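Written below as structure tokens is the structure these notes are about.
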Amino acid sequence: MGAEVVRGNEGADPASVAFDAVDEGVKAGADVVVIDTAGRLHTKTGLMDELGKVKRVVEKRAAVDEVLLVLDATIGQNSLPQAKVFAEVVDITGVVLTKLDGTAKGGIVFRVQQELGVPVKLVGLGEGPDDLAPFEPAAFVDALLG
Ligand SMILES: Nc1nc2c(ncn2[C@@H]2O[C@H](COP(=O)(O)OP(=O)(O)OP(=O)(O)O)[C@@H](O)[C@H]2O)c(=O)[nH]1
Ligand SMILES: [Mg+2]
């Protein structure tokens with residue numbers, strides 16, 4: 001996709017890598033810096049604490065505009081406890097619902113929305129770079145009930 005990737009040394013503190021990425025983005029005049037917090041299980045307290053730290057450290061360099069929680073539509077009810085734990089650690093501003101191109105319809109996002117009070121902003125409709133699309137509520141409901 002042509003994005004610049006900022007890496008850290010193996011074993012480096014994720015918060016420091018995230019800080020460096022934002023620092024480089026600011027210096028380069030980038031429009032957007034995306035921090036992907038790969039492989040984070042909500043049941044692992046250490047990883048959740050680390051996530052909170054990533055946000056606090058990054059905020060020393062620039063304001064965080066969005067905190068998106070990516071939920072996999074195929075995991076159904078399991079999304080809810082996951083969303084709750086993430087919301088305790090960081091202020092989530094929106095949900096990304098992936099894998100809506102399969103048979104899963106992602107009805108759990110109604111509960112997630114009620115619980116977190118934030119909108120679904122993007123949906124995943126495939127594995128290609130153009131398959132992340134803005135969420136269209138009417139089309140979502142039609143697919144859910146259709
Ligand atoms: N069909 C389909 N596949 C998707 C979608 N979103 C992600 N995938 C696929 O699902 C797999 C896992 O996606 P990742 O983005 O690596 O998942 P992740 O949650 O970031 O995983 P970790 O970083 O390991 O925690 C990949 O093969 C993706 O291409 C989607 O909306 N539709
Ligand atoms: Mg990942």
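Which whole-angstrom value gives the distance between the alpha carbon centres of the range 84-106 and the range 24-38?
If we compute the Cα centre of each part, the gap is 22 Å.
Cross-link candidates for Lys44: which aspartates and glutamates have Cα within less than 18 Å, leaving aside residues fewer than 8 places away along the same chain?
Asp13, Asp36, Glu88
Specify, per residue and in Å³, the volume enclosed by the convex hull of the alpha carbon atoms belonging to the range 45-104.
So the per-residue hull volume is 84 Å³.
Give me, ordered by chain and number, the residues 5 or more places off Val67 or on other chains with an amide H under 5 Å from its own placed amide H.
The answer is Thr93, Gly94.
Based only on Cα atoms, what mean projected area does the convex hull of the range 1-123 have, in nm²?
For the range 1-123, the mean projected area of the Cα convex hull comes to 8.3 nm².
Summing -39500 (n - 2.57) over the DSSP H runs of n ≥ 4 in the chain and dividing by its residue number, what mean residue ellipticity at 222 nm do you reach, to the nearest 500 deg cm²/dmol?
Helices in the chain give a 222 nm mean residue ellipticity of -12000 deg cm²/dmol.
Counting only protein heavy atoms and a 1.4 Å probe, tell me what percentage of the chain's accessible area is made up of carbon and sulfur.
That fraction is 52 percent.
Could you give the accessible area per residue of the chain, probe 1.4 Å, as a whole number in Å²?
For the chain, the per-residue accessible area is 65 Å².
Evaluate the relative contact order of the range 15-146 (contact order divided by residue number), counting alpha-carbon pairs under 8 angstrom at least 6 apart; express in whole percent.
Contact order relative to length: 19 percent.
Would you mind checking Lys55/Lys99; Lys27/Lys84; Lys27/Lys99; Lys53/Lys105; Lys27/Lys55 for any pair whose Cα atoms are more than 30 angstrom apart?
Those over the limit are Lys27/Lys84; Lys27/Lys99; Lys53/Lys105.
The values are calculated or read from the model by the stated rules, or taken from the named source; none is laboratory data. Keep in mind the model is a prediction, meaning the values are calculated, not measured. Accessible surface areas use protein heavy atoms only, side chains included; no ligands, DNA or RNA. Shrake-Rupley method; radii C 1.70, N 1.55, O 1.52, S 1.80 Å.
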